[in-house]
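Peer 1: Structure incoming, see below.
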Amino acid sequence: MALTERSRSALYQGLTDLIEDEVAVGELLSYFPARDVEEPATKEFVAAQIAGVHREFAELRGETATMGSELRGEMATMGSELRGEMATMSSELRGEMATMSSELRGEMSTLGSDLRGEMSTMGADLRGEMAAMEGRIIASSSAQLRTMIQWTVGLLISLIGLVVAMGFLQGP
């Protein structure tokens, strides 16, 4: 049975006089329903609901068994039909595959010969280009190395001159 607002208020007032923590009193009263729709379920109610669920499950089991039998029959029929169709298609496919295999072997042989010729030509061209590039890289590297050495020698001479000049400026 739910508490009326008047009863809930009276209990709250009385309990807050005994217990100083209003939050604890509020939590305690939250376990008592404030409206009729919040009443806790009784054992009888729960038992009735469970009995209804059991009835529905029994009906579902019966329907499932019937549907399973029908489905097994249909699947057996379809399986036989499918095996026949697959055997026919398998024969046709083997014939087509044999024809295509012969054609493919001929085409692959021709393409292989063409590819070998092109690869030989490209290999020769590539070797020539690599030799020319190697020559250009060596020439460019030599010129850059010569310039770097000249700059390094010039810098060293300048530093030596600077050290000698500083020695003269500082005196003996």
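Values quoted throughout were computed directly from the atomic coordinates according to the rules given, and no laboratory measurement underlies them. Owing to the predicted nature of the structure, the values given are computational and were not obtained by experimental measurement. Please note: Cβ atoms are built from the backbone with ideal geometry, for glycine as well, and neighbour counts cover all protein chains shown.
Peer 1: Do you know which residues across the range 6-25 are within 24 Å of Thr42 (Cα to Cα) and without any contact (Cβ under 8 Å) to a residue 12 or more places away in the chain?
Peer 2: In the first step, residues of the range 6-25 are kept if they are within 24 Å of Thr42 (Cα to Cα); the result is 7-8.
Selection gives Ser7 alone.
Peer 1: While we're on this one: I'd like the full set of residues that are more than 42 Å from the chain's Cα centre (by Cα) and of a type in the set (S, T, N, Q), limited to the range 92-115.
Peer 2: Across the range 92-115, the qualifying residues are Thr99, Ser102, Ser109, Thr110, Ser113.
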